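Have a look at the structure below, then the notes.
The values are calculated or read from the model by the stated rules, or taken from the named source; none is laboratory data. Since this is a predicted model, take the numbers as computed values, not measurements. Positions of Cβ are generated from backbone atoms using ideal geometry, with glycine treated the same way; all protein chains shown enter the neighbour counts.
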Amino acid sequence: MRLLGPAEIRMLADRLGVRPSKRLGQNFVVEPGTVRKIASLAALERQDVVLEVGPGLGSLTLALLEAGVGRLVAVEIDRALAGELPLTIASHAPQLADRVAVVTADALQVAGRDLPSAFGSPSVLVANLPYNVAVPVLLHLLAALPTLRRGLVMVQAEVADRMCAGPGSRVYGTPSVKLAWYAAARPAGPVPRTVFWPVPNVDSRLVAFTKRDPPVTTASREEVFAVIDAAFRQRRKTLRAALSGWAGSAPEAERLLRAADIEPGARGESLGVGEFARLAAVHREGLRTLGQS
């Protein structure tokens with residue numbers, strides 16, 4: 001299959017009047033070898049239903065089709081790009097055009113009902129995520145589309161480090177813990193700046209993730225995420241101090257931490273997602289007891 005190269009991508013963009021948008025985090029991959037590498041690393045099987053977010057002009061879309069994906073749903077927020085993508089596929093891979101459905105939507109708001117039911121529920125996410133909203137998009141998709149089992153995403157290198165970091169790491173924070181609620185993430189390789197148009201001011205990396213069950217807890221995901229947000233809002237402070245607003249006071253925060261078997265003098269970056277889930281459950285139980293008294 002003939003993939004898109006730099007000249008054709010610029011020609012398509014000129015014809016559509018498209019200029020890569022910083023607001024939308026658009027950086028188009030113009031090097032065929034890179035999208036072939038991503039498609040290969042995704043290790044797709046024919047039965048997979050792939051979700052691609054931000055297909056842009058179709059560079060990665062064509063590579064995924066070339067790799068033998070059975071069905072692919074592309075979610076694109078830009079109407080001009082979404083309208084052009086089926087024409088690009090028809091031109092480069094007419095025999096595979098029926099394997100692709102293009103949905104014009106914001107990935108931060110898309111839900112299962114917005115996707116074509118005839119294609120089945122998506123099982124794999126493969127995407128060059130918009131740099132400015134990469135983590136919110138990924139967390140939203142994992143929450144909204146529970147059938148996603150694994151994925152391979154390209155993000156800013158700094159964000160990739162945070163996504164894959166474990167407790168105790170200097171870059172461990174809110175994205176690390178919230179992603180760990182849904183999945184195990186690992187680095188999957190660097191992507192040079194030179195393969196993009198326009199060339200970004202930051203490095204990029206691939207992150208692979210595999211879905212797993214969240215920690216066992218009586219607290220809801222929203223309750224667990226609330227304590228995570230509170231713990232990292234003032235990450236230099238001890239948990240006793242950082243969680244005082246969430247708990248109602250510093251002494252109450254200390255009581256809850258001790259009840260959850262967590263040292264009040266520790267900091268948020270030392271806790272794993274299971275400990276945050278345990279703390280949220282202790283807090284929930286206290287609220288329930290108060291409500292019954």
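Each row is one residue, and each column tells you yes or no for (1) touching a residue at least 40 places away in the same chain (Cβ under 8 Å); (2) part of a helix (DSSP H, G or I).
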residue: ARG205; (1), (2): yes, no
residue: ASP213; (1), (2): no, no
residue: THR217; (1), (2): yes, no
residue: PHE225; (1), (2): yes, yes
residue: ALA230; (1), (2): no, yes
residue: LYS237; (1), (2): no, no
residue: TRP246; (1), (2): no, yes
residue: GLU252; (1), (2): no, yes
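Every test in (1) in a helix (DSSP H, G or I); (2) modelled with pLDDT of 95 or more is passed by ASP14 save one, and that test is (2).
Among residues that are assigned by TED's automatic domain parsing to the domain that holds ILE89, crowded, with 19+ Cβ neighbours inside 10 Å and within 23 Å of LEU108 (Cα to Cα), VAL35 is not included. No other residue among ALA42, ALA82, ALA105 is under 22 Å from ALA208 (Cβ atoms) and within 21 Å of the chain's Cα centre (by Cα) apart from ALA42.
Of the set (1) in contact with a strand residue (DSSP E or B) (Cβ under 7 Å, 6 or more places away or on another chain); (2) crowded, with 18+ Cβ neighbours inside 10 Å; (3) more than 18 Å from LEU65 (Cα to Cα); (4) without any contact (Cβ under 8 Å) to a residue 60 or more places away in the chain, all apply to VAL159 but (1). Set side by side, the residues LEU148, LEU141 differ, and just one is buried (at least 19 other Cβ atoms within 10 Å of the Cβ) and part of a loop (DSSP other than H, G, I, E, B), which is LEU148.
The number of residues in region 116-138 being touching a Gly at 6+ places or on another chain (Cβ under 8 Å), surrounded by fewer than 19 Cβ atoms within 10 Å (Cβ to Cβ) and under 18 Å from PRO175 (Cβ atoms) comes to 2.
Please specify each residue of region 256-277 satisfying the condition of being among the small types (Gly, Ala, Ser) and surrounded by fewer than 20 Cβ atoms within 10 Å (Cβ to Cβ). Answer for region 256-277, where residues must be among the small types (Gly, Ala, Ser) and surrounded by fewer than 20 Cβ atoms within 10 Å (Cβ to Cβ): ALA259, ALA260, GLY265, ALA266, SER270, GLY272, GLY274.
Within region 85-129, which residues are in contact (Cβ under 8 Å) with a residue 40 or more places away in the chain and either among the acidic types (Asp, Glu) or part of a loop (DSSP other than H, G, I, E, B) (or both)? Show your work before the answer.
Here is the first cut: in region 85-129, the ones in contact (Cβ under 8 Å) with a residue 40 or more places away in the chain are 88, 92-93, 102, 107, 115-116, 119-129.
Correct list: ALA93, ALA107, LEU115, PRO116, GLY120, SER121, PRO122, SER123, LEU129.
When the residues of region 45-79 are filtered to those that are polar (S, T, N, Q) and buried (at least 18 other Cβ atoms within 10 Å of the Cβ), the one that is farthest from the chain's Cα centre (by Cα) is SER59.
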